[in-house]
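J.: First, the structure itself, so that you have it in front of you.
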Amino acid sequence: MRSAKSLFAFVAQWHDLEKSLLSSQQHDSPVIIDSALDPSKPTYSDQRPTLFRERHGWCPYSERVWLALESSNVPYDTIRIDNTGPGRKPPYFAGGLTPQMRWPDGENQGESMDLVQEVDARYGGNLYPHSIKNDVINKARMFQTIFPSKSRPSSRAAFLFDWSGDPLWKSEFESVLSQTDELIGTSDDGPFFCGESFTAADISWVPFLERYSAQLPCLHEGLDPRDATKYPNLNKWFEAMNNVPAYACRVRGNPSSWRKVLTMAGYGNGGVPPSVIERIDGLGIEESRPQTEEERIRDQALWDEYKSTRPYLADTPSAEAGKVILSNRDAIIKDTLKRAATLEGTGIPLDEKGLDEGMRALASILIYGAEEDGHYEEMEVTSKDARDVTGVFAIAKFLDERMCVPRDMGAMSADAIKRLSVY
């Protein structure tokens with residue numbers, strides 16, 4: 001049992017929470033600029049590359065390069081670009097699509113897999129192992145021939161809808177999944193596309209398959225990319241990817257966010273069919289269940305490995321969610337109060353003082369996390385008291401619905417908020 005060493009009375013103030021996270025806050029976090037909110041020209045680093053990626057985290061091609069940098073432990077800066085139609089792009093952006101990279105030597109480059117290869121060449125991430133380099137390149141390219149060629153382009157709902165706004169036929173998706181399963185199976189060693197090790201081939205495929213795993217079960221009854229009976233190799237690959245620390249802890253989105261975009265894209269003027277909404281809601285309930293001890297231990301081990309080269313992170317995924325709330329509290333409070341008229345009756349305090357207290361309570365619960373975590377012991381009593389604060393779990397529910405993952409935080413941290421949203 002942890003000892004109760006509370007330093008704070010009832011719900012901690014923001015500066016108290018900052019003190020509890022002092023070890024991570026002593027280190028500089030990577031530079032991340034949302035150019036839609038801050039269009040001023042940045043000062044580029046001559047030591048670190050700068051990744052220009054789509055601002056919401058929707059773009060699968062941006063995710064490829066992001067994962068290459070993260071998995072190779074490359075320090076980098078990020079500028080998020082609004083790629084939604086006539087979105088506000090900063091005047092210094094060269095134009096075109098994301099992703100793009102500005103290298104420390106001032107060179108600019110685009111095209112996702114070209115950038116992945118360049119990351120590997122410059123920083124030695126072993127994404128193209130010499131002995132299997134041709135296999136990695138060929139399997140990365142096979143994505144272009146296996147995924148549907150006649151679907152409507154979309155960063156939010158890639159390879160899902162035809163030009164009329166209707167989902168592609170179930171048989172088309174089943175063909176993609178079967179061919180992908182067979183391709184993974186051509187590597188006898190598995191579980192990755194090119195054998196035992198994670199490579200650029202996996203980077204090429206994962207943004208799209210990740211979205212498919214969340215979205216396809218909503219579009220057609222009985223269509224599940226994680227079905228181990230129909231797609232055994234693909235299912236093993238999903239499991240293996242979830243054990244790649246950089247992917248699992250930061251780059252992977254959560255199914256709720258990927259399903260959410262189904263209500264923003266596709267279906268033309270007819271709106272989202274009730275059957276799709278029903279499936280979305282049902283899957284969301286399952287994902288809100290409490291974490292098992294086995295899952296908690298697995299996630300913490302992955303987090304420890306990921307954090308070992310990123311000292312600016314909190315000690316647990318849950319505490320990192322609390323840290324994100326702490327860092328962005330003013331913007332969250334402003335966003336919530338702006339929606340006050342639509343939040344009447346939800347249980348969320350709609351006065352600034354009450355909302356601030358509820359936010360501090362939620363951050364306290366998240367920072368302490370589970371008793372078994374063994375971190376932030378001084379927060380134990382405060383965390384328990386925070387659970388009685390008016391609206392704390394309603395705020396968690398609101399944030400769970402508003403968040404865009406992985407833009408706002410990684411899936412593990414977002415899941416900690418989701419689990420509190422059902423109290």
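The values are calculated or read from the model by the stated rules, or taken from the named source; none is laboratory data. Just so you know, these numbers come straight off a predicted model, no measurement behind them. Cβ placement follows ideal geometry from the backbone for every residue including glycine, while neighbour counts extend to all protein chains displayed. Quick note on the areas: whole protein, heavy atoms, side chains included, nothing else; ligands and nucleic acids left out. Shrake-Rupley method; radii C 1.70, N 1.55, O 1.52, S 1.80 Å.
J.: Net charge near Ile333: determine it from the other residues with C-beta under 10 Å of the C-beta of Ile333, scoring Lys and Arg +1 and Asp and Glu -1. Before the final figure, lay out the partial values.
T.: Values: positive: Arg329, Lys334, Lys338; negative: Asp330, Asp335, Glu352, Asp356.
After counting each charged neighbour, the total is -1.
J.: Still on this model: Once label points are set 7 Å from the Cα along Cα→Cβ at both Leu350 and Glu305, what is their separation, rounded to one decimal in nm?
T.: Result: 4.7 nm between the two label points.
J.: If I compute solvent accessible area with a 1.4 Å probe over the protein chains, what percent of it on the chain is carbon and sulfur?
T.: Values: 9450 of 19160 Å².
Of all accessible area on the chain, carbon and sulfur atoms account for 49 percent.
J.: Expressed as a rounded percentage, what relative contact order does the chain have, with Cα pairs under 8 Å and six or more residues apart?
T.: Numbers: 652 pairs, mean separation 82.9, N = 423.
Result for the chain is 20 percent.
J.: I'd like to check one number: the per residue accessible area of the chain, probe 1.4 Å, reported in Å² as a whole number.
T.: 45 Å²
J.: Rounded to the nearest 5, what % of DSSP beta bridges with both residues in the chain are antiparallel? Intermediate values should be presented prior to the final figure.
T.: Details: 8 of 16 bridges.
Taking every DSSP beta bridge with both residues in the chain, the antiparallel ones total about 50 percent.
J.: Lys and Arg at +1, Asp and Glu at -1: add these up for the other residues within a Cβ distance under 13 Å of Pro60 and post the number. Mind showing how you got there, number by number?
T.: Working: positive: Arg53, Arg64, Arg156, Arg211, Arg252; negative: Glu54, Glu63, Glu210.
Counting the neighbours of Pro60, the net charge comes to +2.
J.: Please compute the Kirkwood hydrodynamic radius over the chain, one decimal place, Å, based on all pairs of different Cα atoms.
T.: Values: mean 1/r = 0.0441 Å⁻¹.
Result for the chain, one decimal place: 22.7 Å.
J.: How would the range 146-305 be classified by its alpha-carbon gyration tensor: rounded, prolate or oblate, with rounded meaning a/c under 1.5 and the a/b versus b/c comparison settling the rest?
T.: Values: a/c = 1.93, a/b = 1.31, b/c = 1.48.
In terms of gyration-tensor shape, oblate.
J.: Got a sec? What order do Trp58, Trp237, Trp169 fall in by accessible area at 1.4 Å, biggest, i.e. largest, first? Walk me through the numbers on the way to the answer.
T.: On the way: Trp58 25, Trp237 0, Trp169 190 Å².
Correct descending sequence by accessible area is Trp169, Trp58, Trp237.
J.: Long-range amide H contacts for Asp34: which residues qualify at under 5 Å (H placed 1.01 Å from N, peptide plane, sequence gap of 5 or more or a different chain)?
T.: Long-range HN contacts for Asp34: Arg80.
J.: With a sphere of radius 12 Å drawn around the Cβ of Pro207, what net charge do the other residues whose Cβ falls strictly inside it have (Lys, Arg +1; Asp, Glu -1)? Don't skip to the answer; put the middle values down first.
T.: Details: positive: Arg53, Arg64, Arg211, Arg252; negative: Glu54, Glu63, Asp202, Glu210.
Here the charged neighbours net out to 0.
J.: Another question about this same structure. Measuring from label point to label point, each 7 Å out along Cα→Cβ, what is the Ser175 to Asp330 span in nm?
T.: About 5.4 nm, to one decimal.
J.: Separate question: On a straight-distance basis, which lysines could pair with Lys334 in a cross-link, Cα separation under 19 angstrom, same-chain partners fewer than 8 positions away excluded?
T.: By straight Cα distance, Lys334 reaches Lys323, Lys353, Lys397.
J.: With every protein chain in place, what's the accessible area of Asp281 (1.4 Å probe, Å², nearest 10)?
T.: The accessible area of Asp281 comes to roughly 90 Å².
J.: Under 16 Å between alpha carbons, and skipping anything fewer than 8 positions from Lys150 in its own chain: which aspartates and glutamates qualify?
T.: Reachable aspartates and glutamates: Asp162, Asp166, Glu172, Glu174.
J.: Okay, next question. Estimate the FRET efficiency between Arg122 and Ile32 by the formula 1/(1 + (r/R0)^6), using the beta-carbon distance for r and 22 Å for R0, to the nearest 0.05. Provide the component values of the computation, followed by the final result.
T.: Details: r = 21 Å, r/R0 = 0.96.
So the FRET efficiency works out to roughly 0.55.
J.: Can you show me the helix-derived [θ] at 222 nm for the chain, built from DSSP H runs with n ≥ 4 at -39,500 (n - 2.57) apiece and divided by the number of residues, rounded to the nearest 500.
T.: On the way: 18 runs with 200 residues, N = 423.
Helix-only estimate at 222 nm: -14500 deg cm²/dmol.
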